[in-house]
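Novice: Next up is a structure, given as structure tokens.
The values are calculated or read from the model by the stated rules, or taken from the named source; none is laboratory data. For clarity, every value in this text was computed on a predicted model and none was experimentally measured. Here Cβ is always computed from backbone atoms with ideal geometry, including for glycine, and neighbour counts include all displayed protein chains. Keep in mind that these areas ignore ligands, DNA and RNA; they rest on the heavy atoms of the full protein, side chains included. Shrake-Rupley method; radii C 1.70, N 1.55, O 1.52, S 1.80 Å.
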Amino acid sequence: MGEEKEKLEDKDEKETDPAIPKAAPKGDQITNVIGEVGRWQLEKILIVFIAAAPGLAHIFHAGFITPKQRFWCEQAMNAAGEDIPPPWTVEYPEKNKSYLVYPGNMTTDKKLMGHCIPECVDYGFDHSFWVSTMITEWDLVCEKSWLKTLAKLLLFTGFALGSFCSGLVSDRYGRKIAIWVCSINMCIFGVITSFVPWYPVFVVTWWITGTMAIACYTAAFVWTMEVAAGKWKIYLGMSMNYSWPVCRLIIAGLAYGFRDWHWHLRCISALVAVGAVILFWLPESPRWLIARSRMDEAKKILSDASKRNGKPVEPEQIVLTKPSAGGSKGSF
């Protein structure tokens with residue numbers, strides 16, 4: 001009996017020995033602390049939404065920056081630099097038609113925006129609706145019409161690159177850093193794009209702006225998915241996709257209100273700047289911090305989140321499991 005009593009006492013001492021760490025609770029270690037959804041998650045996801053949504057307006061702005069616009073030739077010159085007085089003759093062999101064209105003459109054909117004069121050196125545009133577009137800025141009609149297609153093509157290559165690079169940057173430096181850097185660059189280059197007077201520079205800055213726009217959204221979406229859990233991962237993840245129709249409404253309102261592509265870019269950049277400022281109140285993704293073995297930072301964020309959700313837990317009470325060596329190099 002004495003030996004059995006000693007064994008039980010030794011067993012009790014081992015079980016209560018403070019040197020033995022507590023086992024992590026079963027289930028998702030983040031959800032165990034802050035729950036599947038709460039006030040903290042909703043507030044932070046709202047910040048991410050506000051930061052990411054305006055930038056997507058740059059994607060749909062491509063349709064408003066190059067609208068169909070009627071044009072005419074203002075001046076024509078021959079190879080010797082001499083003026084060719086109007087009227088100018090324009091022939092359409094496929095339609096078996098010819099027209100005498102004067103400056104200011106607009107076509108009545110809905111499919112034909114204007115007559116192309118081979119010797120034309122200066123075009124005029126109908127500004128009854130659009131005050132300024134990329135087409136009017138650089139006379140992108142007739143033999144130059146392909147340049148507007150090139151600009152949009154390069155812009156969409158930026159979207160592809162931004163989606164890819166966003167994952168690399170956010171995995172290495174953090175979700176919040178990726179969102180912040182992309183927001184700031186998008187704001188800066190959006191403003192620069194609205195002022196540049198040269199087409200080649202415009203294409204480059206517009207491409208950078210578009211790249212940053214989709215990169216910002218991609219990192220923001222990942223941040224959202226990493227703090228959501230359970231059935232709320234679906235609901236909150238899908239809520240981020242509402243940023244697409246929201247940004248469509250933004251650019252449609254700007255296009256109708258200003259009708260000048262310069263101001264479209266400036267207004268979008270202003271909204272992006274607001275998002276970049278409020279990111280100050282966005283913490284780093286705790287799941288990313290755990291993946292990078294930055295446990296103390298993750299515990300502090302989770303503790304603050306639990307208190308905001310009405311289930312206070314102190315950092316020293318939180319038990320987190322370090323990821324594998326492979327997981328610590330990125331996300332998990």
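Novice: For the peptides 183-190, 133-140, what is the packing order when you average, over each peptide's residues, the other Cβ atoms within 10 Å and list the highest mean first? Walk me through the intermediate numbers first.
Specialist: Values: 183-190: 23.2, 133-140: 20.1.
Peptide ranking by packing, descending: 183-190, 133-140.
Novice: Place the peptides 305-314, 270-279 in order of packing, highest mean first, counting for every residue the other Cβ atoms within 10 Å and averaging per peptide.
Specialist: Details: 305-314: 15.6, 270-279: 18.3.
For the peptides 305-314, 270-279, the packing ranking is 270-279, 305-314.
Novice: Return one number: the angle in degrees, 0 to 90 and rounded to the nearest 10, between the long axis of the Cα atoms of helix 261-278 and the longest principal axis of the Cα atoms of the chain.
Specialist: Around 10 degrees separate the two axes.
Novice: Summarise the accessible area of the range 26-114 (1.4 Å probe, protein heavy atoms) by the percent that is carbon and sulfur. Mind showing how you got there, number by number?
Specialist: Working: 2690 of 4900 Å².
Looking at the range 26-114 in its full context, I get 55 percent from C and S.
Novice: Over all directions, how big on average is the projection of the convex hull of the alpha-carbon atoms in the range 48-111, in square nanometres? Walk me through the numbers on the way to the answer.
Specialist: Working: hull surface 31.9 nm².
The orientation-averaged projected area of the Cα hull of the range 48-111 comes to 8.0 nm².
Novice: Ordered by packing density, taken as the mean number of other Cβ atoms within 10 Å over each peptide's residues, highest first, how do 141-150, 201-210 rank? Each step should come with its number before you reach the end.
Specialist: Details: 141-150: 14.9, 201-210: 21.1.
Highest-to-lowest ranking by the protection proxy: 201-210, 141-150.
Novice: Would you mind computing Rg(Cα) / (2.2 N^0.38 Å) for the range 174-332, counting N as its residues? Working shown, then result.
Specialist: Details: Rg = 19.1 Å, N = 159, 2.2 N^0.38 = 15.1 Å.
Against the compact-globule rule of thumb, the ratio is 1.26.
Novice: Now for a different question. Mind pulling the angle between the C-alpha long axis of helix 146-173 and the longest principal axis of the chain? Nearest 10 degrees, somewhere in 0 to 90.
Specialist: In the chain, helix 146-173 runs at an angle near 10 degrees to the longest axis.
Novice: Could you look at the range 158-315 and say what percent of its accessible area is carbon and sulfur, using a 1.4 Å probe and all protein chains?
Specialist: Heavy-atom surface of the range 158-315 belonging to carbon and sulfur, 1.4 Å probe: 73 percent.
Novice: In percent, how large is the relative contact order of the chain, given Cα pairs closer than 8 Å and 6 or more residues apart?
Specialist: Details: 472 pairs, mean separation 87.2, N = 332.
Relative contact order here is 26 percent.
Novice: Let me ask something else. With a 1.4 Å probe and every protein chain left in place, work out the accessible area per residue of the chain in Å², rounded to a whole number. If you can, show how the numbers build up before the last one.
Specialist: Working: 17980 Å² over 332 residues.
Accessible area per residue, the chain: 54 Å².
Novice: Grab every C-alpha pair in the range 194-237, bin the distances at 5 angstrom width from 0 up to the longest one, and report whole percents.
Specialist: 5, 20, 17, 12, 12, 9, 9, 8, 6, 3, 0
Novice: Using only C-alpha atoms and all pairs of different ones, pull out the Kirkwood radius for the chain in Å with one decimal. Please report the intermediate quantities before stating the final value.
Specialist: Values: mean 1/r = 0.0419 Å⁻¹.
Radius from the Kirkwood sum: 23.9 Å.
Novice: Please report the projected area of the range 111-187's Cα convex hull averaged over all directions, in nm². If you can, show how the numbers build up before the last one.
Specialist: Values: hull surface 30.0 nm².
The Cα convex hull of the range 111-187, projected and averaged over all directions, gives 7.5 nm².
Novice: Isolated Cys in the chain by the 4.7 Å beta carbon test?
Specialist: Among the cysteines of the chain, those whose Cβ sits 4.7 Å or more from every other are C165, C187, C247, C267.
Novice: Taking every Cα atom in the range 208-264, find the radius of gyration and the maximum pairwise distance Dmax, and write them in Å.
Specialist: Expressed in Å, the Cα Rg and Dmax of the range 208-264 come to 14.7, 45.
Novice: Another one. In degrees between 0 and 90, to the nearest 10, how far off the longest principal axis of the chain does helix 243-257 point, with axes built from Cα atoms?
Specialist: 30
Novice: If you don't mind, another one. For the range 34-157, what is the relative contact order in percent, using Cα pairs closer than 8 Å and at least 6 residues apart in sequence?
Specialist: Numbers: 125 pairs, mean separation 32.9, N = 124.
This gives 27 percent for the range 34-157.
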